[in-house]
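Below is one structure, written out as C-alpha cells; comments come after it.
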Amino acid sequence: MITKEAITLFKYYLQSNHKQRTIESYSLLLERFEMIYSQRDMETIAPDEIFHFLENLTKDMAKSTRRLRYAQLKAFYNFIIDRCSLNMRNPCSMPLLSKSFRAPKQQPHKILDRETVDEMIYNTKKQRDRLILRIPTQVATRFRFIPPPDSDLSRHRIPKHFATPWEVRKGRWI
C-alpha cells in the first residue's frame, strides 16, 4: 500500500472517530510524513528512516512531545497494519525507536515537613496570605484521622478538637 493512500485512510478514520484537537495533533505529523514518503510503499520504509524522520521532526522539542510524535506514528502504523491486513511488523516497535523516544521520568514531589510549613505560615506578612496557607494544612491534618475504608468505624476515636458535633454526640472523640 502506498503511503499517501494510507494517510488518507487514516485521516478519514480520525475524522469519524476522534475530536478536532486530536485530528490537528496528528495532521502535523502526517503532513510531514507524507511530504517525504508519499509515493513509497509502506513495507519499504525501514525503522532507521523512521528514526531519522522523527529525530529531524522533533530535534528541538521536549521529551514528552518527542514521545507523543513517536506514539502517533506507531498508532498510524498499527491502524494500517490492522485495517489493511498488511503482512508486516510495525517498524516503530523496534527497540531502537522505543528506547530513543521513552517517556521522561517524573521527579517525585518533595514533601515539606511540618516545621517548615509552620515557619512559612508564621513568616507571612499579610493575614490573607497566612489564611491561604493555613487552610490546606488544617485540612491535611484532618485527613489523617479518616479511618481506612475496610475498618470498623466503632473502633476509631477522633481527637475532640477535630471532632464534629455529630461525632461528639456519638462519643467518637477522645
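The values are calculated or read from the model by the stated rules, or taken from the named source; none is laboratory data. Treat the numbers as computed from the prediction; the structure is a model and nothing was measured. Neighbour counts are summed over all protein chains in view; Cβ atoms, including those assigned to glycine, are modelled from backbone coordinates with ideal geometry.
Observations on the model:
- Which numbered condition Leu153 fails, given (1) modelled with pLDDT of 55 or more; (2) of a type outside the set (Asp, Glu); (3) within 37 Å of the chain's Cα centre (by Cα): (1)
- Whichever residue in the range 99-123 is free of Cβ contacts under 8 Å to residues at least 24 places away in the same chain and of a type in the set (Ser, Thr, Tyr) and, among such residues, is nearest to Leu57 (Cα to Cα): Thr116
- Only listed residue being among the charged types (D, E, K, R), modelled with pLDDT of 85 or more and closer than 28 Å to Leu28 by Cβ, chosen from Arg128, Arg89: Arg89
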